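> Mind looking over this structure? Questions follow.
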Amino acid sequence: MSQPSTPPPLCTGHAPWLAMSRRECLNRMALGLGGIALADLLSRNASAATAAVAPLPGRPALPGLPHFAAKAKRIIYLFQSGGPSQLDLYDYKPLLNQRHGEQLPDSVRGSQRLTGMSSNQSSIPIAGSPFKFSRYGQSGAWISDLLPYTAKIADDLCVVRSMHTDSINHGPGVTFMQTGSQIPGRPSFGSWLDYGLGSTSDNLPSFVVLLTKDKRGQPLMSHLWGSGFLPAKHQGVRFRSGADPVLYLGNPAGVSPENRRLALDRLRELHEHQFAGTPDAEISTRISNYEMAFNLQTSVPEVTDLKDEPAHVVDSYGPDARKPGSFAANCLLARRLAERGVKFIQLYHQDWDHHGALPGSIKKECLQTDQAAAALVTDLKNRGMLDDTLVVWGGEFGRTNYCQGIMTANNFGRDHHPRCFSLWMAGGGVKPGLSYGETDEYGYNVAKDPVHVHDLHATILHLFGIDHERLTYKFQGRRYRLTDVFGKVVKDLLV
C-alpha cells in the first residue's frame, strides 16, 4: 500500500506567501490597498496645485483671475487685537454721557447674551465716554480726541460704524476676522489672496506678517496667517524684529552664498526627481520655499534697513519708528514692503482688551498707534500709492456701552460686544470721507446699513478684482471659499 503523499513545506523559495498566516496576509493586503488609496489622494492634491515649480520672477494668478478690473493691488491690514472701544474712538454717543451710571434698559439689550465676565453682575450701569469728540475735515467725521493724528486724515477715511460679528470671545473672534471661520484650520485672508492672485515679486513673499514687539493680550497663533488646506506656499511669512527678521535664513558660519547656491541646485534636482515619481504638491512647495529663502537672504536685510529713509519720513511715524518691532516701525516697514511688491502685509497690535481701567489703558494704545497709522496713509498718499493700496484698521469686535465690574468716578471697563463695532479703511478704491452705517442712540445695536464680517471680506476681495463666490478650493469633497456661503459686496463703500 502506498504511503500518503507528504504535504509541501510551508515555506519555499518560490512561494513565500504560502508561509503567511491568514492574519498576516490580510494585514499586507490592507497596507497595499492603503498605499493605492494614498497615491490616488496625492495625485488629486497635486492636480489642484501647481504641477511644477512656478518660474521666477513672481508667480502667476490662477487662470481667469482677476475676474474684473481691480482697484487695489495690495493691502496693509492694521489689526488691533482685543477689541478697541468704538464708543471711545469713532462712535459718538452723547446719550451715554447724559445717562452715565443709570441701568441699561432691558429693551435695548434684548436677548443679547453676555460673556461670563459680566453675566453675574447684579448691575450693568451705562458708561459714557470721558473723552471729547469733535467733527473733522470736510466730511465732518466724529473722532475722539484720543486720535489727533487720525483726525487730520478724516477726509481720507471710510469709517464703517455698523460692523457686526458672530463671535463674543477673542479666540473665535480673531480667527473669524482673519479666516472667515470661527474654527481654526481654514486658510487666512492673505493666503486666499496669494493663492488666487499669485505674486509679483521673486525675492519677497507676497504675504508678510508683522507683530508689535513685547505686547500683552490674547495670544496670536500662527493659524491666523496659516494656509489651512491650501498648499503651504501660500501661508504668511512672519518678519521678526532684531538681527534675524526671518528665522534660520542666514548661512551657517563657513558657508558662502556660492556654496549655498550649489547645494540648493543639487537639492532641487533631487526634489524634481521625487516629484516626477510622486506628484505631491508639497514637494513643489518645498522647492519654491528653498528658492524664496535664498532670495530673502539679500532682500530682507535691504528692506528692513532704514538708512535710505529720509529723516523727516521716519519722524512722521512717531518717536517709536526707530525701535524695531514697535507698531510705528512696523507701519514704516509695511510701506517699504508694499513698494517692493508684497501684496498682503498683516500687522497685529495687541492689548486693546480693556475690561477694566479703560480710560488709562486706551490712552496708551492710542499713543502707540495713532500717529503711525495716520502717517502710513499720508506717506502712501504722498508717494502716489494710496489709490491702489488698501489700508484697514480695526479689531475683532467692539466694547459694551455698560461698565464691566465696579464703576468709580474716574475708572471703568467695557466687556466684549459683537453686536456693533467700528473700523476704517483708506485708499484702494473705497470712498474717502465717508461715515457709513449707524448704531442706535445707546451704541448697542446696528440701526442702519449693517456690515457683517463676511460682507467685509467679500468687499475687499471685490476691490482686488475677485468675485468672492468664484474663488474656491476643493477640499474633502467640498468647494470652500473665504466667505463660506455668505457675504455680499457693500457697493456703497466703493468709489
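Where a number appears in this text, it was derived from the coordinates with a stated rule and is not lab data. A quick note: this is a predicted structure, and the numbers were derived from the prediction, not measured. As a convention, Cβ positions derive from the backbone with ideal geometry for all residues, glycine included, and neighbour counts pool all protein chains shown.
> Rank-order 132-143, 189-200 by packing density, defined as the average count of other C-beta atoms within 10 Å over each peptide's residues, highest first.
With the highest mean Cβ count within 10 Å placed first, the list reads 189-200, 132-143.
> Additional query: Where Rh is the Kirkwood radius over the Cα pairs of the stretch 52-493, the temperature 25 °C and the viscosity 0.890 mPa s, what D in µm²/s does Stokes-Einstein return?
The Stokes-Einstein estimate is 108 µm²/s.
> Still on this structure, I have one more. Where both partners of a DSSP beta bridge lie in the chain, what percent of those bridges are antiparallel, to the nearest 5? Kindly include the intermediate steps, with their values, before the conclusion.
Details: 23 of 49 bridges.
Percentage antiparallel, nearest 5: 45.
> From Cα pairs below 8 angstrom and at least 6 apart in sequence, can you work out the relative contact order of the chain, rounded to a whole percent?
Working: 957 pairs, mean separation 135.0, N = 495.
That works out to 27 percent.
> Using a cut-off of 10 Å between beta-carbons, work out the net charge of the residues near THR200 (Lys and Arg +1, Asp and Glu -1, THR200 not included).
+4
> On to the next question. Treating the angle as unsigned and between 0 and 90°, give the value, to the nearest 10°, between the Cα long axis of helix 22-48 and the longest Cα principal axis of the chain.
Here the helix axis deviates by roughly 50 degrees.
> Taking amide H positions as placed 1.01 Å from N in the peptide plane, with prolines and chain starts having none, which residues 5 or more places from ARG399, or on another chain, fall under 5 Å of its amide H?
Amide H to amide H, under 5 Å and 5 or more residues apart or across chains, ARG399 pairs with GLN86, LEU87, HIS417.
> By the scheme Lys and Arg +1, Asp and Glu -1, what is the net charge of all other residues having a beta-carbon under 14 Å from that of HIS271?
With Lys, Arg at +1 and Asp, Glu at -1, the net is -2.
> Taking a ≥ b ≥ c as the square roots of the Cα gyration tensor eigenvalues, with a/c under 1.5 meaning rounded and otherwise prolate when a/b beats b/c, else oblate, which class fits the stretch 94-189? If you can, show how the numbers build up before the last one.
Working: a/c = 2.60, a/b = 1.08, b/c = 2.41.
Note, shape of the stretch 94-189 comes out oblate.
> Hey, can you grab everything whose amide H is under 5 Å from the amide H of SER118? Only 5+ residues off in sequence or another chain; H modelled, so Pro and N-termini drop out.
Residues meeting the amide H criterion: none.
> Taking a temperature of 4 °C and a viscosity of 1.567 mPa s, what whole-number D in µm²/s does Stokes-Einstein yield for the stretch 208-251 with Rh from Kirkwood over alpha carbon pairs?
107 µm²/s
> Just flag the trypsin sites (Lys or Arg not before Pro) in the stretch 454-495 sitting in loop per DSSP whose Cβ has no more than 11 other Cβ atoms within 10 Å.
For trypsin sites (Lys or Arg not before Pro) across the stretch 454-495 that sit outside H, G, I, E and B with at most 11 neighbouring Cβ atoms in 10 Å, the list is empty.
> Sticking with this structure for a sec: Would you list which lysines come within 24 Å of LYS213, measuring only between C-alpha atoms, while excluding same-chain residues fewer than 8 positions from it?
Straight-distance partners of LYS213: LYS307, LYS323, LYS343, LYS363, LYS364.
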